[in-house]
Amino acid sequence: MTNLFKNIFIAFSGLLLLFSIIILIVLWSFSNSIPDYKFLKNYKPPVSSKMYSGNGELVADFSKEKRIFIPYSAIPKNVINSFLSAEDKNFFSHPGVDAKGVLRAFINNIKNLMTSKRLEGASTITQQVAKNFLLTNEVSLNRKIKEAILAFRIERALTKERILELYLNQIYLGSGSYGVAAASLEYFDKSIKELNYIESALLAALPKAPSKYNPYRDIELAKFRRNLVLKNLLDNNFLNKDEFIKFKEQPIKLKKNKKIFLEDAQYYIEDVRKNIIEKLTYDKVYKQGYNINTPINLNLQKIATKSLRDGLIAYDQRKGWRGPIKNINYSKDWFKKIDKKYKLEKSIQWEIAVVKNINQFNTEIETKNNSKGIIRYKDISWTKKEFDDLFKKGDVIYVKKLNKNFYSLQQLPKINGGIVVMDPFTGRILALSGGFSFKNTEFNRASQALRQPGSAFKPFVYALALENQYTPSSLVLDAPLVLDQGIDLKKWKPENYGKKFYGLSTVRVGLEKSRNLMTVRVAQNLGIDKVANFSKKMKIYKKPEELLSISLGSAETTLLNLTSAYCSFVNGGKLINPILIDRIQDGEGNTIINNENRKCTNCNNISFTGKDFPIIEDNFNQIISPQTAYQITSILQGVVTRGTGKKLKKLGLNIAGKTGTTNENTDAWFIGYTSNLVIGVYVGMDNPKPLGKFETGSKAALPIFENFVKMSIKKSEARPFKVPAGITLMVVDPTTGEKAKFTSKNTIIESYKSENISDGKVLYLNNNRLDVNNILRFY
């Protein structure tokens, strides 16, 4: 008997030794192929970079995975307790693999196999970290062995707190959210510190199957799973029985985090995204969690987008109806036949509908939501057609709901354009829109489209003239002009709009009335090389050809560049750079980029309770004198009062601005400003072609500027333009530029540089008289 026990013992020991050797060999073989886990010690998961408005509102985030990194010390206990109860209650006591959990899962799975129930796992949080960071989702014994080995090693290398920090920031929790902080905002629009046990339990319920238990998808199933987590919290003594009974009866209350006016700001957002990727690289922007502060004013952005869209629609409707999107055979699921490319932003408030019946005085339609509607005759009046000529059954069209079941007919504009709103003293871009619909086309007409500015460039020719001894009352001949363009080229014969000539006229009249012949003569007198160099210094053109035609805006520029240049007329002649980004900071608050160029010279010496004000100085380049800047502003106010922009006079505001129209009305512009805002508008076809007869800057572009000003600027905000030192104001005859007499009825207040005034009279500069073909007189 003794020998029998001895033999059994020897056999058992041998088997145990053999089993141990086999395990060691297996572990050794797997250890050679185990990924390096040491990087986890300093690892930070990819974090989204966030873009904020000038008032601190979240506008957009740039990320592959929507995530906000949060350290372990900032994660509240109720969130930690909920995840431990749901995923790994023995986390703080096991060495990486939970032997009790494995045994329990083994026994339960035998029962589950016999009853055809779903098998349960026994992975610890440490094992999940190993799988999520270092392994694949492959279901195999091979992966499970590697996972267990890595779990043991990770536990030796990292603290429990660090492992849990990695897990709670990395895990996917549905709806595109990675990590508990991002999920807290996605489902509850709350900081993670504000979550209660009911909300924390819902988040902890998601890792098992984020899509299946997503409350936006199936709120009842999500509640069932949440209550299981609450039961685990009770079993683990994190909740008492009364709390559990109370909490499990509570409904799930969701509040989705919304990005304000996101659709209206897409062109702005895309320009910011491209800008920071160019400076910081794509990988850093999408993984390192930068905070991007921008100047965008969401209220002005919304108004700018609406003004642009309304102006483009108004032009398009003047050109009539072009036809439906397409024609289809009607069926109950007709909307599925429509390409997604026709879908527009919700903020446009249009719907896609199908024509069902056509009557003499109305048309019956059905929208994609199966809502029935009627289009009345007055709501198609812009088409100047009858219903029978307009529609066929099955026509797919855009409509806009008016009230009840009435709709108006809409049409996607063929024309497009852009609008830019800037702070002239800093260059900060407060609003920008580059087209009717970003979903329809991402091409940005405000910052990418190179177009001829036409007459909108003329103020810079006259500014250069005023810098070179001209005055607003200088007389320039408005008469036919023929210019040689070079060998084998036709002679150039510039003409005024309307093909009329007005003889001797003042510089003011030349700019107010946008006289082409006068502008060319001024440029010829100054020297076209000076005009070209000045346009480069103003950053309007990069490499302009030295041709006289550039004085009429024949070279190409962008709306953003031209609007930026106009800022110099408001800010006292300083050249600013357009700013899309104020500051970029990394996740720890370190400033990476700062575009603030101004400095406070006395901030260290003044008290917050004192009466002294901060003195802010900038380092902007003085491109023209403050006196010249004001003179141009004064003349451009005349454009609004008496010239090509006189449609704005009815607003009763202090506004200056200039229209721009290119040959054959191909491009239409209006750049205008108040004492604190500069607004630029461009309208034209993506494939340049004439806009039509009379479609000038004052008809196609100016109304967009007008609508923006009406909705955004109060009378108290449009203060009079500041008159700089060195300017003398005199009452003159606007036609001749001569000092007004007491009997004069038609007079204006003209601005002169004080150096040009002597004994109350404007100096006459004999040394600048030209010949009879180019008569010029200075007053």
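The values are calculated or read from the model by the stated rules, or taken from the named source; none is laboratory data. Owing to the predicted nature of the structure, the values given are computational and were not obtained by experimental measurement. Cβ sites come from the backbone with ideal geometry, for glycine too, and all protein chains shown count toward neighbours. These area figures cover heavy atoms from the full protein model, side chains too; ligands, DNA and RNA do not enter into them. Shrake-Rupley method; radii C 1.70, N 1.55, O 1.52, S 1.80 Å.
Tabulated values for the structure
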read-out	value
Residue match in region 270-282 (condition: part of a loop (DSSP other than H, G, I, E, B), under 17 Å from ASN444 (Cα atoms) and touching a residue at least 40 places away in the same chain (Cβ under 8 Å))	no
Filter result for the condition that a residue is of a type outside the set (A, V, I, L, M, F, W, C), over 24 Å from ARG445 (Cα atoms), touching a residue at least 24 places away in the same chain (Cβ under 8 Å) and touching a helix residue (DSSP H, G or I) at 6+ places or on another chain (Cβ under 9 Å), over GLN288, GLN317	GLN288
Residue under evaluation ASN619, criteria (1) surrounded by 12 or more Cβ atoms within 10 Å (Cβ to Cβ); (2) without any contact (Cβ under 8 Å) to a residue 40 or more places away in the chain, criterion not met	(1)
Matching residues in region 452-483 - criterion: being in a strand (DSSP E or B) and surrounded by fewer than 24 Cβ atoms within 10 Å (Cβ to Cβ)	LEU475, LEU477, ASP478, LEU483
Region 527-565, subset under 16 Å from LEU483 (Cα atoms) and open to solvent by less than 20 Å² (accessible area, probe 1.4 Å), residue farthest from the chain's Cα centre (by Cα)	GLY527
Residue within region 680-691 that is in a loop (DSSP other than H, G, I, E, B) and β-branched (Val, Ile, Thr) present	no
Failed condition for ALA60, given (1) crowded, with 19+ Cβ neighbours inside 10 Å; (2) outside any strand (DSSP E or B)	(2)
Enumeration of residues in region 408-437 that are of a type in the set (Phe, Trp, Tyr) and touching an Asp or Glu at 6+ places or on another chain (Cβ under 7 Å)	none
Pair list, Cβ under 9 Å, 6 or more apart: region 320-339 residue farther than 21 Å from THR383 by Cβ and of a type in the set (S, T, N, Q), other residue modelled with pLDDT under 90 and not in a loop (DSSP other than H, G, I, E, B)	ASN329/LYS337; SER331/LYS337
Pairs where the first residue, in region 388-401, is open to solvent by 10 Å² or more (accessible area, probe 1.4 Å) and the second is of a type in the set (Gly, Ala, Ser), C-beta under 8 Å, 6+ apart	TYR398/ALA353; LYS400/SER408; LYS401/GLY373
Conditions (1) within 24 Å of LEU432 (Cβ to Cβ); (2) surrounded by 17 or more Cβ atoms within 10 Å (Cβ to Cβ): number failed by VAL509	(1)
Lone qualifier among ILE22, ILE68 - being at pLDDT 80 or above and open to solvent by 40 Å² or more (accessible area, probe 1.4 Å)	ILE68
Any hit, region 623-640, residues being modelled with pLDDT under 95 and either surrounded by fewer than 21 Cβ atoms within 10 Å (Cβ to Cβ) or in contact with a strand residue (DSSP E or B) (Cβ under 6 Å, 6 or more places away or on another chain) (or both)	no
Hits in region 496-519 (condition: among the polar types (S, T, N, Q) and either over 11 Å from GLY638 (Cβ atoms) or in contact with a His (Cβ under 6 Å, 6 or more places away or on another chain) (or both))	ASN496, SER505, SER514, ASN516, THR519
Those residues of region 212-233 which are without any contact (Cβ under 8 Å) to a residue 40 or more places away in the chain, open to solvent by 70 Å² or more (accessible area, probe 1.4 Å) and part of a loop (DSSP other than H, G, I, E, B), in sequence order	LYS212, ARG217
Subset of region 566-608 [touching a Ser or Thr at 6+ places or on another chain (Cβ under 7 Å), open to solvent by less than 60 Å² (accessible area, probe 1.4 Å) and not β-branched (Val, Ile, Thr)]	PHE569, GLY573, LYS574, LEU575, PRO578, LEU580, ASP582, GLN585
LEU344 under 30 Å from ALA446 (Cβ atoms), in contact with a Lys or Arg (Cβ under 9 Å, 6 or more places away or on another chain) and part of a strand (DSSP E or B)	no
Residue identified as over 15 Å from the mean Cα position of the chain (by Cα) and on the phi < 0 side of the Ramachandran plot among ALA304, ALA314	ALA314
Set ILE296, ILE328, ILE292, ILE338: member being in contact with a Leu (Cβ under 7 Å, 6 or more places away or on another chain) and either open to solvent by 50 Å² or more (accessible area, probe 1.4 Å) or among the β-branched types (Val, Ile, Thr) (or both)	ILE296
Any chance ASN236 is in contact with a helix residue (DSSP H, G or I) (Cβ under 6 Å, 6 or more places away or on another chain), surrounded by fewer than 18 Cβ atoms within 10 Å (Cβ to Cβ) and farther than 14 Å from GLU186 by Cβ	yes
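Rundown of residues vs (1) touching a Cys at 6+ places or on another chain (Cβ under 6 Å); (2) assigned to a helix (DSSP H, G or I); (3) within 30 Å of ILE303 (Cβ to Cβ); (4) among the aliphatic types (A, V, I, L, M), yes/no style:
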residue	(1), (2), (3), (4)
VAL354	no, no, no, yes
ASN357	no, no, no, no
GLN360	no, no, no, no
ASN370	no, no, no, no
ASP379	no, yes, yes, no
TRP382	no, yes, yes, no
LYS393	no, no, no, no
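Let's see how each residue does on (1) at pLDDT 95 or above; (2) out of contact with any Gly (no Cβ under 9 Å at 6 or more places or on another chain); (3) open to solvent by 40 Å² or more (accessible area, probe 1.4 Å); (4) farther than 22 Å from LEU511 by Cβ:
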position: ARG642; (1), (2), (3), (4): no, yes, yes, no
position: GLY657; (1), (2), (3), (4): yes, no, no, no
position: GLU664; (1), (2), (3), (4): no, yes, yes, yes
position: TYR682; (1), (2), (3), (4): yes, no, no, no
position: PHE694; (1), (2), (3), (4): no, yes, yes, no
position: LEU702; (1), (2), (3), (4): yes, no, no, no
position: PHE705; (1), (2), (3), (4): yes, no, no, no
position: MET711; (1), (2), (3), (4): yes, yes, yes, yes
